[in-house]
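Here's the structure we're looking at; comments come further down.
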Amino acid sequence: MTPREQLDVFLDRFTPEVAKRTRRALAKVRKLCPGAIELVYDNYNALAIAFAPTERLADAVFSITLYPRWVSLFFTHGKGLPDPEKLLRGSGARIRHIVLGDAAALDDPAVRVLIDAALARAAKPLDPHRKRRLVIQSVSAKRRPRRPG
C-alpha cells in the first residue's frame, strides 16, 4: 500500500464527518505549505498529520490531529504566537491548538495570522521548491476507538 492509501485507510476509520473535515483541512494546509513533508502518526489516542521541513517531528511546524469527535490544528511551537483573538488553547510548555469546526476555519484571518507566524518562526523553513512527501512514521498496534461510542 502506498503512504497515500494508508492515510486514506486511517482517515476512513473515523466518522464520515470527521474524515471529510480532515480531508478538506489537509487540502488547505497543503496549499499553504508547499514542500512540506507530511509525517503521519497513527497513535493510540489520535491520528496526527504533521507538516515539517524534515522527517524529524521536532522540526514540525504544526499538525492536523483527529479525535473521534473533533479535528484540531496543533502548533508545535505555539506558546508565544501572536494571538489577539485568543483562539489558541492549551497550557503546556510549547504546544497550543485550535479545534477546527470545519476546514473553513483555516481561512479565518485570525487563524491565518497564527499559521503565517508559525511558518515564519520555524527553526527550519519549508522548501517550496521541493516536492511534497507523505511519510508514515508510526502505526500503533493498539488504538482507542476512532468513532464515538
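The values are calculated or read from the model by the stated rules, or taken from the named source; none is laboratory data. Please read these numbers as outputs of a predicted model, since none were measured by experiment. All Cβ positions, even for glycine, are placed from backbone atoms using ideal geometry, and neighbour counts span all protein chains on display. Quick note on the areas: whole protein, heavy atoms, side chains included, nothing else; ligands and nucleic acids left out. Shrake-Rupley method; radii C 1.70, N 1.55, O 1.52, S 1.80 Å.
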Do you know which of the residues in region 49-75 that are surrounded by fewer than 21 Cβ atoms within 10 Å (Cβ to Cβ) and touching a helix residue (DSSP H, G or I) at 6+ places or on another chain (Cβ under 9 Å) is farthest from R133 (Cα to Cα)?
R69
Out of the residues in region 96-131 meeting the condition of being under 21 Å from R21 (Cα atoms) and basic (K, R), tell me which one is most open to solvent (accessible area, probe 1.4 Å).
R112
So, in region 29-52, exactly how many residues are over 11 Å from the mean Cα position of the chain (by Cα), outside any loop (DSSP other than H, G, I, E, B) and closer than 24 Å to R146 by Cα?
1
Name, by its number, the condition in (1) touching a helix residue (DSSP H, G or I) at 6+ places or on another chain (Cβ under 7 Å); (2) open to solvent by less than 70 Å² (accessible area, probe 1.4 Å); (3) under 24 Å from R144 (Cβ atoms); (4) at pLDDT below 95 that does not hold for P82.
(3)
When only residues in region 1-21 that are out of contact with any Ser or Thr (no Cβ under 8 Å at 6 or more places or on another chain), in a loop (DSSP other than H, G, I, E, B) and touching a residue at least 60 places away in the same chain (Cβ under 8 Å) count, which is farthest from Q137 (Cα to Cα)?
T15
Residue under question is E55, and the condition is that it be in a loop (DSSP other than H, G, I, E, B), of a type in the set (D, E), within 18 Å of V139 (Cβ to Cβ) and touching a residue at least 12 places away in the same chain (Cβ under 8 Å); does it hold?
yes
